[in-house]
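Participant: One structure is given below, represented as structure tokens, and several questions about it will come after.
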Amino acid sequence: MSSNNTVIDAIEKQGTVFGHPKGLFLLFFTELWERFSYYGMRGILMLYMTKLWAENGLNIPEDSASLIYGTFTGFVYFTPLLGGWIADKFIGQRMAITIGGLTMAAGQLTLFAMGNHAGLVIGLVLLVIGNGFFKPNISTIVGQLYREGDEKRDSAFSIFYMGINLGALLAPLVCGFLAEEYFAVKSADGTAILSYGFKYGFLAAAIGMIMGQIAFNLLSKKYLLTIGEKPVKHEEGSEESIKNKAPLTKQEKDRITVIFILTALVIFFWAGFEQAGSSLTLYTDKYIDRSAFGTIIPTTYFQSVNPLFIVLLAPLFAWFWTSKFGKKLTTPIKMSLGMILLGVGFLFMIIATGEVVKSGAGDAEVVTQKAALIWLLFTYFFHTVGELCLSPVGLSVVTKLSPPKLASLLMGVWMLSSAFANWIGGFVASYVNRLGAETIFYSIAIFVIVLGLLMLLLAKKLSSMMHGVK
């Protein structure tokens, strides 16, 4: 750790912004544009797949589209395990971030250029590969900006998480506007969309990704110095080399076990949370009254509600975790509260399903009354608060619990929770038409609330296995 502390000394001499290294805000900006790219594409993906060919969609049945969506987003979070390992062993985190960013830009451009099933497959595969290189390594560098035991690390990840969600906030608005408004062809009265401009949403996502890469490659040498520049290799006989070859200690094994336990438990949080991009998007499009201020709000805009709440609330959480009371809450307790709040959010969607009045089924379905918009907003609010209790805290604790030689690999393991969650979430969403939205929302709510209570019971044991890490 001594060589890393030397680099941190040099970074601290550059000055700070809000008490944090300037390099944090370069990573904030880079991640902002990567998330703009991803969430811009994700915001229109389900509609792109399910709309008719005549509407510039791919005419894929909703059940199949949900499975494709879940498979894609699952692999988006599976490949970081491989990308983290490659970065640790061969190319370093910074090179991995560049490779990942350029590959994702190529994927978005493919979706823009090829409006067919082949283009969908090629584009999504490129996005999966690129994300594998990018995602675990930029989070790892955030952790490397701070000394071991620095309490500002939780706050740093909350700030970093705000960057993620600022990109996620802007993306559906921009890409959704291009797809559902600017390049869309509407009926004479403006109430129905005859064809969508999905391809231009994908183009905007590609441009965002490229902008982030330009900034990162121009400024990383200045603000990150040598952090993440090389793989984890050290001269033979050096202190770091001896540590890397030494077997794991009992303390390290306990901490790694905690990472795996938390990873397994949060699978079910993300399986519920990621309904936002699949079942909740389709439900909003069909059954939520989106009329407001004399206009109909585009469906994709609602993908910005969650990140908007995060941008507003993340500074409060960054402050709260460093407050006297916040410091008393251990990571397992924070994460259990996040799980419970997710379930509370779905209770509001159950209320929404009770307001909908419809007749018929399939293409013959007629909706005579839609649900009030407020229930969807309440759902997103509680999901957001739950997410802030769980996700940035989880990112932070993985960097604190991981032995340095396994840092990126274990960050990839953490990402696996989202991989399995999205596969499960896609499978669950594919049953909405068969079981009914109310049944799906009720089942998710009860399950995650019970699981959150179970995590509370395990919190003390998990904390003891963390050996002083909170």
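The values are calculated or read from the model by the stated rules, or taken from the named source; none is laboratory data. Just so it is clear, the model here is predicted, and its values are computed rather than measured. All Cβ positions, glycine included, derive from the backbone under ideal geometry; neighbour counts span all protein chains shown.
Participant: (1) surrounded by fewer than 18 Cβ atoms within 10 Å (Cβ to Cβ); (2) in contact (Cβ under 8 Å) with a residue 60 or more places away in the chain; (3) of a type in the set (D, E): which one isn't true of D150, the others all being true?
Facilitator: Looking at each condition in turn, D150 falls short on (2).
Participant: Another question, if that's okay. Hey, among I129, I164, which residue is surrounded by 24 or more Cβ atoms within 10 Å (Cβ to Cβ) and within 30 Å of N56 (Cα to Cα)? Please lay out each step first, then the result.
Facilitator: Working: I129 fails: surrounded by 24 or more Cβ atoms within 10 Å (Cβ to Cβ).
Step by step, each of I129, I164 is checked, and only I164 is surrounded by 24 or more Cβ atoms within 10 Å (Cβ to Cβ) and within 30 Å of N56 (Cα to Cα).
Participant: A further question on this structure: Which residues, counting only those in the range 179-227, are basic (K, R) and surrounded by 17 or more Cβ atoms within 10 Å (Cβ to Cβ)?
Facilitator: Here is the first cut: in the range 179-227, the residues basic (K, R) are 186, 199, 221-222.
Selection gives K199 alone.
Participant: Would you mind finding the one in T284, T263 that is modelled with pLDDT under 90, in a helix (DSSP H, G or I), at negative phi and touching a Phe, Trp or Tyr at 6+ places or on another chain (Cβ under 6 Å)? Don't jump to the end; show me each part of the working.
Facilitator: Values: T284 fails: modelled with pLDDT under 90.
Being modelled with pLDDT under 90, in a helix (DSSP H, G or I), at negative phi and touching a Phe, Trp or Tyr at 6+ places or on another chain (Cβ under 6 Å) holds for just one of T284, T263, which is T263.
Participant: Take G130 and decide whether it is at pLDDT 90 or above and either within 16 Å of the chain's Cα centre (by Cα) or outside any helix (DSSP H, G or I) (or both).
Facilitator: Numbers: at pLDDT 90 or above: yes; either within 16 Å of the chain's Cα centre (by Cα) or outside any helix (DSSP H, G or I) (or both): yes.
Criteria met by G130.
Participant: Does A65 qualify as being assigned to a helix (DSSP H, G or I), crowded, with 17+ Cβ neighbours inside 10 Å and either aliphatic (A, V, I, L, M) or at pLDDT 90 or above (or both)? Don't jump to the end; show me each part of the working.
Facilitator: Numbers: assigned to a helix (DSSP H, G or I): yes; crowded, with 17+ Cβ neighbours inside 10 Å: yes; either aliphatic (A, V, I, L, M) or at pLDDT 90 or above (or both): yes.
Yes.
Participant: Does the range 149-164 contain any residue that is among the acidic types (D, E), assigned to a helix (DSSP H, G or I) and farther than 22 Å from F302 by Cβ?
Facilitator: Filtering the range 149-164 down to residues among the acidic types (D, E) leaves 150-151, 154.
So of that shortlist, the ones also assigned to a helix (DSSP H, G or I) come out as 154.
Adding the requirement that they be farther than 22 Å from F302 by Cβ leaves 154.
There is at least one residue in the range 149-164 that is among the acidic types (D, E), assigned to a helix (DSSP H, G or I) and farther than 22 Å from F302 by Cβ.
Participant: Looking at the range 17-35, can you tell me whether even one residue there is more than 28 Å from A215 (Cβ to Cβ) and of a type outside the set (A, V, I, L, M)?
Facilitator: Here is the first cut: in the range 17-35, the ones more than 28 Å from A215 (Cβ to Cβ) are none.
Scanning the range 17-35, I find no residue that is more than 28 Å from A215 (Cβ to Cβ) and of a type outside the set (A, V, I, L, M), so the answer is no.
Participant: Could you give every pair whose Cβ atoms fall below 8 Å, whose first residue belongs to the range 97-112 and is under 16 Å from G83 (Cβ atoms) and at pLDDT 95 or above, and whose second residue is crowded, with 24+ Cβ neighbours inside 10 Å and among the basic types (K, R), counting only separations of at least 6 or pairs across chains?
Facilitator: If the second residue must be crowded, with 24+ Cβ neighbours inside 10 Å and among the basic types (K, R), the pairs left are G100/K135.
Participant: Filter the range 287-319 down to the residues that are of a type in the set (S, T, Y) and assigned to a helix (DSSP H, G or I), then identify the one that is surrounded by the fewest Cβ atoms within 10 Å (Cβ to Cβ). First the steps, then the outcome.
Facilitator: Going through the range 287-319, the residues of a type in the set (S, T, Y) turn out to be 287, 291, 295, 299-301, 304.
Filter once more, so that each one left must be assigned to a helix (DSSP H, G or I): 287, 299-301, 304.
Numbers: Y287: 20, T299: 24, T300: 30, Y301: 17, S304: 22.
Within the range 287-319, the match that is surrounded by the fewest Cβ atoms within 10 Å (Cβ to Cβ) is Y301.
Participant: So which residues in the range 17-50 are in a strand (DSSP E or B) and touching a residue at least 60 places away in the same chain (Cβ under 8 Å), if there are any at all? If you could, list the steps in order and put the result at the bottom.
Facilitator: Going residue by residue through the range 17-50, those that are in a strand (DSSP E or B) are 17, 20-21.
Hits for the range 17-50 are H20, P21.
Participant: Take E387 and decide whether it is among the acidic types (D, E) and touching a helix residue (DSSP H, G or I) at 6+ places or on another chain (Cβ under 7 Å). Walk me through it before giving the result.
Facilitator: On the way: among the acidic types (D, E): yes; touching a helix residue (DSSP H, G or I) at 6+ places or on another chain (Cβ under 7 Å): yes.
The answer is yes for E387.
Participant: Shifting gears a bit: Against the condition among the β-branched types (V, I, T) and either over 30 Å from R147 (Cα atoms) or in contact with an Asp or Glu (Cβ under 6 Å, 6 or more places away or on another chain) (or both), how does I8 come out, does it pass? First the steps, then the outcome.
Facilitator: Working: among the β-branched types (V, I, T): yes; either over 30 Å from R147 (Cα atoms) or in contact with an Asp or Glu (Cβ under 6 Å, 6 or more places away or on another chain) (or both): no.
Against the criterion (among the β-branched types (V, I, T) and either over 30 Å from R147 (Cα atoms) or in contact with an Asp or Glu (Cβ under 6 Å, 6 or more places away or on another chain) (or both)), I8 does not qualify.
Participant: When the range 322-339 is examined, which residues are found to be assigned to a helix (DSSP H, G or I) and over 14 Å from S391 (Cα atoms)?
Facilitator: Taking the range 322-339 as the starting set, the residues that turn out to be assigned to a helix (DSSP H, G or I) are 326-328, 331-339.
Passing the criteria: G326, K327, K328.
Participant: Against the condition part of a helix (DSSP H, G or I) and within 14 Å of L262 (Cα to Cα), how does V385 come out, does it pass? Quick ask: steps written out before the conclusion?
Facilitator: Numbers: part of a helix (DSSP H, G or I): yes; within 14 Å of L262 (Cα to Cα): no.
When the stated conditions are applied, V385 does not pass them.
Participant: Identify, from the list G360, G345, the residue that is at positive phi and either surrounded by 22 or more Cβ atoms within 10 Å (Cβ to Cβ) or free of Cβ contacts under 8 Å to residues at least 24 places away in the same chain (or both). Can you show your working first?
Facilitator: Working: G345 fails: at positive phi.
After applying the criteria, what remains is G360.
Participant: Can you name the residue in the range 206-254 that is β-branched (V, I, T) and over 29 Å from E31 (Cα atoms) and, of all such residues, is modelled with the lowest pLDDT?
Facilitator: Initially, the range 206-254 is screened for residues β-branched (V, I, T), giving 207, 210, 214, 226-227, 232, 242, 249.
Subsequent filtering for residues that are over 29 Å from E31 (Cα atoms) retains 242, 249.
Numbers: I242: 52, T249: 83.
Filtering the range 206-254 for residues that are β-branched (V, I, T) and over 29 Å from E31 (Cα atoms), the one modelled with the lowest pLDDT comes out as I242.
Condition check ((1) farther than 18 Å from M46 by Cβ; (2) of a type in the set (A, V, I, L, M, F, W, C); (3) more than 18 Å from the chain's Cα centre (by Cα)) across all residues:
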position: Q144; (1), (2), (3): yes, no, yes
position: M162; (1), (2), (3): yes, yes, no
position: C175; (1), (2), (3): no, yes, no
position: K186; (1), (2), (3): yes, no, yes
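Participant: Related question: Looking for something hydroxyl-bearing (S, T, Y), assigned to a loop (DSSP other than H, G, I, E, B) and either out of contact with any Pro (no Cβ under 6 Å at 6 or more places or on another chain) or over 30 Å from N59 (Cα atoms) (or both) - is there at least one such residue anywhere in the range 92-105?
Facilitator: Our first condition is that a residue be hydroxyl-bearing (S, T, Y); within the range 92-105, this holds for 98, 103.
Next, from what is left, pick out any that are assigned to a loop (DSSP other than H, G, I, E, B): none.
No: zero hits.
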